[in-house]
Amino acid sequence: MLFVFSARRWFRRAAFVILLVLATFVMYNGCRVLGQWIVPSDPYRVPQGAALKVFGSSSYAVHEPTFADRLRLFYWYGE
């Protein structure tokens, strides 16, 4: 049996694989840089200015929710 080796076909395949790896590398690093740009530098810092604290206990609350109330809300919102 005689196998024919086509250099042009193998060079095209190699170029395709190299371009695919290069494009994947560029897209991965581009998404990573974009993700780092979007995320705030310190998401857990104390808010400044007119920001309000949303979570936490308040002194003017009518009643504290019971465990059953919290569990019901958990399943209601599906979180």
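Restricting to the range 59-70, and then to whatever is open to solvent by 80 Å² or more (accessible area, probe 1.4 Å) and among the charged types (D, E, K, R), can you tell me which residue is modelled with the lowest pLDDT? Spell out how you get there, then give the answer.
To start, the set of residues in the range 59-70 that are open to solvent by 80 Å² or more (accessible area, probe 1.4 Å) comprises 59-60, 62-64, 67, 70.
Next, only the ones that are among the charged types (D, E, K, R) stay: 64, 70.
On the way: GLU64: 78, ARG70: 84.
In this case the residue turns out to be GLU64.
When you scan the range 12-46, how many residues do you find that are of a type in the set (Phe, Trp, Tyr), modelled with pLDDT under 95 and either surrounded by 10 or more Cβ atoms within 10 Å (Cβ to Cβ) or in a loop (DSSP other than H, G, I, E, B) (or both)?
The first filter runs over the range 12-46 and keeps only residues of a type in the set (Phe, Trp, Tyr), leaving 16, 25, 28, 37, 44.
Still in the list and also modelled with pLDDT under 95: 37, 44.
Within this subset, residues satisfying the condition of being either surrounded by 10 or more Cβ atoms within 10 Å (Cβ to Cβ) or in a loop (DSSP other than H, G, I, E, B) (or both) are 44.
Residues that pass the stated criteria total 1.
Which residue, of GLY49, GLY56, is at positive phi, at pLDDT below 80 and in a loop (DSSP other than H, G, I, E, B)?
Details: GLY49 fails: at pLDDT below 80.
Result: GLY56 is the single residue among GLY49, GLY56 that is at positive phi, at pLDDT below 80 and in a loop (DSSP other than H, G, I, E, B).
I need the full set of residues from the range 1-11 which are open to solvent by less than 100 Å² (accessible area, probe 1.4 Å) and of a type in the set (A, V, I, L, M), in order please. It would help to see each step written out before you state the result.
We begin by selecting, within the range 1-11, every residue open to solvent by less than 100 Å² (accessible area, probe 1.4 Å); these are 6-7.
ALA7 - this is the single residue of the range 1-11 that is open to solvent by less than 100 Å² (accessible area, probe 1.4 Å) and of a type in the set (A, V, I, L, M).
The values are calculated or read from the model by the stated rules, or taken from the named source; none is laboratory data. Owing to the predicted nature of the structure, the values given are computational and were not obtained by experimental measurement. When we count neighbours, we look across all protein chains shown, and the Cβ atoms used for this are built from the backbone with ideal geometry, even at glycine. Only protein heavy atoms, including side chains, enter the accessible area calculation; ligands, DNA and RNA are left aside. Shrake-Rupley method; radii C 1.70, N 1.55, O 1.52, S 1.80 Å.
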